[in-house]
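Structure first, then comments.
The values are calculated or read from the model by the stated rules, or taken from the named source; none is laboratory data. Since we're looking at a predicted model, the values are computed, not measured. Positions of Cβ are generated from backbone atoms using ideal geometry, with glycine treated the same way; all protein chains shown enter the neighbour counts. Surface areas here come from the heavy atoms of the whole protein model, side chains and all, with no ligands, DNA or RNA. Shrake-Rupley method; radii C 1.70, N 1.55, O 1.52, S 1.80 Å.
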Amino acid sequence: MPVDLMTFRSGIGEGSINRLIPRSDLEVVISDYSIYQDYQMNMSTMRPMIELSYCMEGVRGVHISGSDHEIVSGTCSLQFIEQVGANFTFNKNESYQMMGIGIPVSTFNHFMQEVCGESGNSINFSHILGEKSYRMFQEKIDPSASIIVKRMLDAVEEKRMTNLELECNALQLLSMSFRSFLFDKDPKPSEFSKSDVAKIRQARAIIIECMTEPPTLTELSCSIDLNDYKLKKGFKEMYDTTVFGYLREKRLEKAHLLLQGGKMNVNEASCAVGYSNPSYFAEAFRDKFGVNPGEFIRGLTR
């Protein structure tokens, strides 16, 4: 795997930029540095591309194609870029940690065709950009994506991620972001009204908020004033899982983050996300992440 590691130290700042190329049409760039003074940097793209960026730390401004954007910690940005110039603004005495994944237009269009079949022709680079030369989609980093990004950052830093693992993790993040930003998962308007959709989203919020003591399906239906059938069918269409399948995923993702924080043991994390049986929690954790929670904690301290 081609690797280009650049470290620097100057009056402006210090840190490193690690560029990895697991395959010819995929680039992963990990930036980790501190800036000592207000600083602006101009950059230009050499060719059209798609870039997925995760900002783990820091706030930076971007002026590109006549528009101003702000990229803040905890956000994920999917950018479609023609050959344009960009101006980046960095703040004095601030640390930055970011990971970017770049692919060429041909790879993106091929992915869309594979996912959408014949309809993929309407979801391609040119269609998304239209008459513009730049377009950005941005949202908070999803917990499941945060886990993958953290795993990649740690493994690359410790030089224990293989070429295949890096490629698979990067492609998984790209796939997740494409589905999140570009595919409309809402139920068909002919079957579900806007009011129904809003109520199903409310049900999702309740599930996350009441993770430790979730309501029954009947209680959830009553609280959002929607019958069981519409709730179950609508939730499945919008989130591609059942109500309690979604609850299970979010519990495990939160438990992973709690254990990663290093302030809880397995039993404490299990209780914190609503599992009363630590053995059942350990089995579910292993099924999702491929490792027992106790082994996961021990791995963090090595």
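Tell me, how many Å apart are the Cα centres for the range 238-257 and for the range 66-85?
29
Just going by the charge dipole of the chain, with Lys and Arg at +1 and Asp and Glu at -1 on Cβ, which of Thr218, Ile81, Phe183 is farthest out on the positive end?
Going by the charge dipole, the pick is Thr218.
Assigning unit charges at the beta carbon (Lys, Arg +1; Asp, Glu -1) and nothing else, what dipole magnitude in debye, to the nearest 20, does the range 152-293 show about its Cα centre?
Working: 20 positive and 21 negative charges, 46 e Å.
With only Lys, Arg, Asp and Glu charged at Cβ, the dipole is about 220 debye.
Per residue, how much accessible area does the chain show when a 1.4 Å probe rolls over the protein heavy atoms, in square angstrom?
On the way: 16370 Å² over 302 residues.
Result: 54 Å² of accessible area for each residue.
What is the distance, in nm, between label points placed 7 Å from the Cα along the Cα-to-Cβ direction at Lys132 and at Asp154?
3.6
Modelling each spin label as a point 7 Å along the Cα-to-Cβ direction, I'd like the Gln202/Val115 distance in nm, to one decimal.
3.1
Once neighbouring chains are kept in place and the probe is 1.4 Å, which whole percent of the accessible area of the chain is contributed by carbon and sulfur?
49
What FRET efficiency, computed as 1/(1 + (r/R0)^6) with R0 = 22 Å and r the Cβ-Cβ distance, is obtained for Asn87 and Ser180, rounded to the nearest 0.05?
For Asn87 and Ser180, the calculated efficiency is 0.20.
On C-alpha positions alone, give me the angle between the axis of helix 278-289 and the longest principal axis of the chain, in degrees, nearest 10.
40
Viscosity 1.567 mPa s, temperature 4 °C: give me the Stokes-Einstein translational D for the range 53-145 in µm²/s, with Rh taken as the Kirkwood radius over C-alpha pairs.
88
Give me the accessible area of Met136, 1.4 Å probe, in Å² rounded to the nearest 10.
40
By how many nm would the segment from Ser34 to Asn292 lengthen if fully extended, with 0.36 nm per residue of separation less the alpha-carbon distance?
Here the answer is 89.3 nm.
Please state the shape class of the chain: rounded when a/c is under 1.5, otherwise prolate if a/b exceeds b/c and oblate if not, all from the C-alpha gyration tensor. Numbers along the way, then the final one.
Details: a/c = 1.89, a/b = 1.27, b/c = 1.48.
Taking the square roots of the gyration eigenvalues as a ≥ b ≥ c, the chain is oblate.
If each of Glu237 and Gln172 carries a label point 7 Å out from its Cα toward its Cβ, how far apart are those two points in nm?
3.0
To the nearest 20 debye, what charge dipole does the chain have about its Cα centre, counting +1 at the Cβ of each Lys and Arg and -1 at the Cβ of each Asp and Glu?
Dipole size: approximately 360 debye.
Order the following by accessible area, largest value first: Asp196, Asp225. Probe radius 1.4 Å; ligands, DNA and RNA are ignored. Don't skip to the end; give the middle numbers.
Values: Asp196 15, Asp225 110 Å².
Reading off the accessible areas and sorting them downward yields Asp225, Asp196.
What is the local net charge at Glu94, summed over the other residues whose Cβ is closer than 15 Å to its Cβ (Lys, Arg +1; Asp, Glu -1)? Walk me through the numbers before you get to the answer.
Working: positive: Arg60, Lys92; negative: Glu14, Asp32, Asp38, Glu57, Glu70.
In short, -3.
Okay, helix-only estimate at 222 nm for the chain: each DSSP H run of n ≥ 4 adds -39500 (n - 2.57), divide by all residues, round to 500 deg cm²/dmol; what do you get?
Calculated mean residue ellipticity at 222 nm is -14000 deg cm²/dmol.
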